[in-house]
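The values are calculated or read from the model by the stated rules, or taken from the named source; none is laboratory data. Keep in mind that this is a model prediction, so the values were computed, not measured. Please note: Cβ atoms are built from the backbone with ideal geometry, for glycine as well, and neighbour counts cover all protein chains shown.
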Amino acid sequence: MQNSKITLTGDLGSGKSAVSKILCEKTGFEYISTGRIQRQLAQEMGVDTLEMNRLADTDPSIDERIDGIFISLNDDPKSYVIDSRMAWFFLPKSFKVYLQADVAVAAQRIIHDPARDSEVYGSQEEAVKKILARKASENARFLSKYGADCSNLDNFDIVINTTFRTREEVTNLVLKALYSHNEGIPFQKNW
């Protein structure tokens with residue numbers, strides 16, 4: 001496969017991790033997840049991911065630690081599926097995927113995901129509020145620090161709303177678009 005790095009970003013709870021894992025199964029690419037790295041770092045720091053993002057507003061070493069991993073992948077010949085908010089920016093030649101989801105649906109996905117033990121919410125309302133706050137914090141920090149506008153969907157090769165799509169449907173859309181992209185065949189950008 002010509003483009004050997006697929007970067008996935010998007011809304012919290014949009015299915016980035018699940019789709020990334022299926023993409024890896026279908027392509028044989030290696031998987032890297034910022035979410036996993038962030039949750040592990042937050043746990044090491046004894047805070048939740050929202051608080052870690054707030055701390056990163058004043059402590060550049062947090063972002064530098066995470067960002068350095070992705071910057072180093074530019075020269076790596078291996079093939080990767082990268083689940084990350086900023087990998088699209090640090091890997092400009094990657095195939096850039098943005099996944100969207102309704103925030104209420106995303107909150108339910110996060111609440112019922114046992115792997116997200118550092119993201120515990122008392123209610124659906126609290127989850128929605130914290131998800132929106134985390135997204136706003138990250139977007140503002142990335143725009144200020146790098147000039148990277150995560151909310152500008154023109155930065156991505158394909159944008160998929162996952163609210164009412166299965167993981168397999170999303171994966172198949174990504175793979176079809178990637179194939180078309182690599183072959184120079186026009187494809188639909190917004191799904």
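Tabulated values for the structure
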read-out: Selection within segment 177-191 - in a helix (DSSP H, G or I) and either touching a His at 6+ places or on another chain (Cβ under 8 Å) or exposed (fewer than 14 other Cβ atoms within 10 Å of the Cβ) (or both); value: Asn182, Glu183
read-out: In segment 141-159, residue farthest from Asn172 (Cα to Cα) [restricted to those that are of a type in the set (Gly, Ala, Ser) and free of Cβ contacts under 8 Å to residues at least 60 places away in the same chain]; value: Ser144
read-out: Test: residue in segment 138-150 that is over 18 Å from Arg54 (Cα atoms) and assigned to a helix (DSSP H, G or I); value: no
read-out: Single residue of segment 18-61 satisfying the filter (of a type in the set (S, T, N, Q) and either under 16 Å from Asn139 (Cα atoms) or buried (at least 20 other Cβ atoms within 10 Å of the Cβ) (or both)) that is farthest from the chain's Cα centre (by Cα); value: Thr58
read-out: Residue match in segment 100-107 (condition: at pLDDT 85 or above, closer than 25 Å to Tyr179 by Cβ and surrounded by fewer than 21 Cβ atoms within 10 Å (Cβ to Cβ)); value: yes
read-out: Members of segment 147-168 that are surrounded by 14 or more Cβ atoms within 10 Å (Cβ to Cβ) and not β-branched (Val, Ile, Thr); value: Ala148, Cys150, Leu153, Asn155, Phe156, Asp157, Asn161, Arg165, Arg167
read-out: Residue in segment 120-138 that is of a type in the set (A, V, I, L, M) and either touching a strand residue (DSSP E or B) at 6+ places or on another chain (Cβ under 7 Å) or at positive phi (or both) present; value: no
read-out: Test: residue in segment 76-93 that is more than 16 Å from Thr7 (Cα to Cα) and surrounded by 21 or more Cβ atoms within 10 Å (Cβ to Cβ); value: no
